[in-house]
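One structure is given below, encoded as structure tokens.
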Amino acid sequence: LFDFALRVPHVPRVTLRHQYRSAGPIVDYISNTFYGGELVVAQPPEGVKVPQDTKPGIAWSHVGAPAIPSKGNINKAEAQAVAHEVKKLLVDQGYSGSIGAITPFRAQIMVIEEAVRAHVPDDLLEKAEFRAGTVDGFQGQERDLILFSPVVGASSPTSNLTFLQKDRRRPNV
């Protein structure tokens, strides 16, 4: 479609100028390779609040899936792990950044919300702009820190895996 649009006479070309979602080195590569150096980071990563004793980036904590598949696409152990991490950050460490929790499945949102609210005072959650949502529902939002609850494991129904494989871009949110 882009190639077709370029062939339409007398239509001005509009080029992306600001990238809001990627880190500087990634944007620099894209900018230099595809945009003639004109694409810039709109939100510099220096503004992101990183929890104490961590580095910016991705960290993985393995939480085992239930041995027997649960109804409703939930993993209570993952929800408890999210709640523990949010409590550690907000209550124990006094983290001042924003926090979100994302999951592919709606049912897991409620389990996460319930677990987090049982361990963390509402005022701290409000201050951290805490929100749990699906990867699709969270699209377009930003937080300093995102906790991801994939829910799937060896005992997951095939339908869970199929749902995730339908659109491999989902985890990119």
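The values are calculated or read from the model by the stated rules, or taken from the named source; none is laboratory data. No experiment lies behind these values; they were computed from the predicted model shown. So basically every Cβ, Gly included, is an ideal-geometry build from the backbone, and we count neighbours across all protein chains shown. The area values use the complete protein model at the heavy-atom level, side chains included, leaving out ligands, DNA and RNA. Shrake-Rupley method; radii C 1.70, N 1.55, O 1.52, S 1.80 Å.
Brief remarks follow.
- Of the listed requirements (1) open to solvent by less than 40 Å² (accessible area, probe 1.4 Å); (2) among the small types (Gly, Ala, Ser); (3) assigned to a helix (DSSP H, G or I); (4) within 19 Å of Phe148 (Cα to Cα), Ser22 misses just one: (3).
- A Cβ distance below 7 Å, combined with a sequence gap of six or more or placement on separate chains, defines the contacts here; from region 122-141, residues that are under 23 Å from Ala107 (Cβ atoms) and of a type in the set (Phe, Trp, Tyr) reach residues that are open to solvent by less than 80 Å² (accessible area, probe 1.4 Å) and in a loop (DSSP other than H, G, I, E, B) in the pairs Phe138/Val173.
- First in region 12-36 and closer than 16 Å to Gly47 by Cα and of a type in the set (S, T, N, Q), second anywhere and at pLDDT below 80 and assigned to a loop (DSSP other than H, G, I, E, B), Cβ under 8 Å, 6 or more apart: Gln19/Ala42
- Search result, residues across region 83-106 that are more than 15 Å from Pro51 (Cα to Cα) and open to solvent by less than 40 Å² (accessible area, probe 1.4 Å): Ala83, Ala101, Ile102, Thr103, Pro104, Phe105
Yes/no matrix, rows are residues, columns are (1) under 19 Å from Phe138 (Cβ atoms); (2) buried (at least 17 other Cβ atoms within 10 Å of the Cβ); (3) among the hydrophobic types (A, V, I, L, M, F, W, C):
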position: Phe2; (1), (2), (3): no, no, yes
position: Ser31; (1), (2), (3): no, yes, no
position: Lys49; (1), (2), (3): yes, no, no
position: Lys55; (1), (2), (3): no, no, no
position: Ala81; (1), (2), (3): yes, yes, yes
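- Residue in region 100-112 that is at pLDDT 95 or above and at positive phi present: no
- All positions within region 113-140 that are open to solvent by 70 Å² or more (accessible area, probe 1.4 Å) and at pLDDT below 95: Asp136, Gln139
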